[in-house]
Every structure is written in C-alpha cells, then in structure tokens.
1. Determine one quarter of the surface area of the Cα convex hull of the stretch 76-144, which equals its mean projected area, and express it in nm² to one decimal.
2. In a GNM of the chain with a 10 Å cut-off on Cα contacts, which of Lys362, Lys119, Lys140 has the highest mean-square fluctuation?
3. Per residue of the stretch 293-307, what does 6.51 cos²θ - 1.76 cosθ + 1.60 with θ = phi - 60° give for ³J(HN,Hα)? Whole Hz please, x for Gly and Pro, Karplus curve as stated.
4. Under a 5 Å amide H to amide H cut-off, with H placed in plane at 1.01 Å, what residues pair with Lys362 once short-range neighbours are removed?
5. Taking the Cα centre as origin and putting +1 on Lys and Arg beta-carbons and -1 on Asp and Glu beta-carbons, what dipole magnitude results for the chain, to the nearest 20 debye?
6. Gain in length, Val296 to Thr380, computed as 0.36 nm per residue apart minus the alpha-carbon separation, to one decimal in nm?
7. To the nearest whole percent, what portion of all C-alpha pairs in the stretch 38-177 is separated by more than 19 angstrom?
8. Taking 0.36 nm per intervening residue step and subtracting the Cα-Cα distance, what contour gain separates Asn196 from Glu367 on full extension?
Amino acid sequence: MQQTVSQEEIRRRVALFQELLTARGINLALIRQPADLYYYTGIVADGFLAVPAAGAATLMVRRPQDRLAAAEIPWDLVFYNDFGELPAWLDDRSLARTGPLGLELDVLPAALYLRLHHKIFPGIAIQDVSPLIRQQRMVKSAYEIEQISRAAAILDEAYATLPEIMRPGLTELELSAALEYRLRLLGHQGLVRVRNYSLEMFFGHVLSGHAGLELAYTDTPSGGLGFSPAFPQGASLKPLAPGEPITVDIGSCFNGYVADMTRLFVIGDLPAAAWRAYDLTLELLHYFEAEARPGVNPGDLYQGLCSMVAQAGLSDFFMGPGPERVSFVAHGVGLELDEFPFITARFPLPLAADMVLAFEPKFFLPEVGLVGLEDTGRITAEGVKWLTRTPREVVKVQ
C-alpha cells in the first residue's frame, strides 16, 4: 500500500528551504518542476509553489482543480485559469515581487522564464535556486529511504523471475517486456523521472552481447540498439545467444522514489575476459561499500576506484569505451534517477549520512559485450548499507 508523505515532513522541508533562501538573500522562490513541486507539497500539478523567505507558502494551481480542492495540503491553495492572474494573487498574499526571485533555472523552459521575467516580475533580479534544492534533496529522510527500499524490493522480486524466462532466441525486447510487466504488477509506478533535460529513459536497459557495446545519445554508461531510430537505446530485437553477457539494468519507482539495479546473466557460460571483469566489479563494489562514508570527498573515492581499475589493466574499458566513457561511477537517486551526489573526479560536496546512491561499475569489452553490476545503497557511518539485495552472482541459465 502506498504511503503519503506527512504534512509535518513537508513543512520541515519548506522551512529548511526558507533558511537557504534567507542565507542567499532571495525574497521569493517559485517552484514549478514536478519532482521539486512534489518534494515541497506532496502533490503534482500544473502550477507553482510560491515560497517566501519568511512566512507561509502558497500553492497556485491551474489544474487539476476539482481533484485538489479537497486534498490535504499544508499551504494556502489558490486556483487560477490564466497566467496573468498570478501577480494579483501574489500581491494579495503580500508575496513581494521586489526580488531577488528564485527560479529552477536548470529545468525551467526558456519561454516560461522570459514570461515570468518580463510580464510578472519585470526588472527583478533572478537567481537560480536549483542548486539549493538539489543539495537539500541529497540527504534523505526516514520516509524517503523507506520508499526507495520499497522500490528496491520490487526489483529484487522481479529479477528473481528472470531465469525461468530466458532462453536462446528470446529477444532483448521480449525479455524486457516480460520484466516490465512484472514490475508494474508489483507496484512500479511506470514513470522514472530524470532532471537532465536531454536524458530520456524508459524502464532501463536489457542488453546482450555486442548490443551492450552500442552507446546512446544519453549521458549513461550503456545504451543499446533500441527498438527504433527515434529511440535508439535499450532493448532491441536482437535474440539472446549462448555465451554472451546479458545485463539487466532497470530503475524501479515506488511512490515517486527510484532504486536502480543491474545484474548479469548468461545462457551457458561466459568467456574468460568477462569473468575477469566481473571479478573486478565485485572488488570495486566491496571497496565502495567500505570507503563511501560521511565526510569522504567523492573525488578521492573516484580516484581510488580508478586506481584499482588501472592496476588491473582495464581502464580503457571502464564506464564506456575510450573518450565516450561517462565521467561518473555512481549517481544519487530519489525522486529522480540523476540526483546529487555524483561520484566523479570533481563533485564539490562531501558525502553525508543518509545520502542514497546507485553505484554501477561497468566494463565494455570488445568482442564480448557489457559486464557490470549496480546496487543502490545508503551512506552510513559504518559504510554503505545496500537497499537492493539480489545476490550478485552471475546467473547461469542452461
């Protein structure tokens, strides 16, 4: 059964955001993007949450109006039908339009930004509040960790059914569709939100053999052939074949919160080069589990992992082939698949307790395919506590 975030927690989130606004000298912020709006209100709507640096927030909604009229929302609720009504509503609630105004500049469409800047807040200084929001959302509450754990449990249960489905000749698409069906019945909400405006994603990637070496247009380690030139990533009509790595990398979403997991399968047995990369993947997971603790600099962690890969002589194949490799080995998850923090060479903020990340060491082996694993885990003082719990052994299907 889905659990609704408490109004008390929503109030705490907005109160902390107001402290951040005050520290930056921002008088008012307008929150629009669905994940951010849900984080601070508990609902998704076509509208804005107006958050002053001090005082009560106001939720201004264009639609759905009837559906939200009786909803339990801890903020004043205002309905509008036309964008031009917003100035009067803001003025009536003494929500100053004198600036500076905070907007989510990394996700706000340019046309909407220009309309706000020129029509609603003419001559007002604009500041980007997205970094404040993303940094606040890095550290998860007990409620959020529970939702991510539920998403992880859905993955664990669904992956357990895969060996009975796999057989030579089954296409990647057929395997992916069977898994997606099970995930939906187990509670996957369907949509996995991402923040990067050019990052598109369905459920994830089910890839086999040489298809695992095909990169996509997205900033993700793997790509795949895809089903259409209009969406050239993910599962394709390529049939599964004996002796090639089959990677299943899927994001699950429960109550808005995402968990991410990759497991490795094979029909028959893997070639020696794949086993070597797989063994190193396990070592990298153990290193990350022990070393990713509060206060650790992501850049130091990244360098330590890369040093292990270099010592094994596999740097050319790690996280993508050559210059097209991605620059991260782990990403935060929460309401979006691509949240802060990232484990990269240059991410500027240290790790903190109750951050939740998906760690995905992967190797792209010529003539073999993609070999890798991924688990979602919570940062604690004792190291990483994994939320995805499917065994990491390569599953051999005969």
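1. 6.2 nm²
2. Lys119
3. So the J values, rounded to whole Hz, are 10, x, x, 6, 7, x, x, 5, 5, 4, 5, x, 5, 5, 5.
4. Met319
5. So the dipole magnitude of the chain works out to roughly 640 debye.
6. 29.1 nm
7. In whole percent, the long-distance tail amounts to 65.
8. The span from Asn196 to Glu367 would gain 58.4 nm if fully extended.
The values are calculated or read from the model by the stated rules, or taken from the named source; none is laboratory data. If you're wondering where the values come from, they're calculated on a predicted model, not measured in any experiment. Ideal geometry is used to build each Cβ from the backbone, glycine not excepted, and the neighbour counts take in all protein chains shown. In case anyone asks, the SASA skips ligands and DNA or RNA and just uses the protein heavy atoms, side chains included. Shrake-Rupley method; radii C 1.70, N 1.55, O 1.52, S 1.80 Å.
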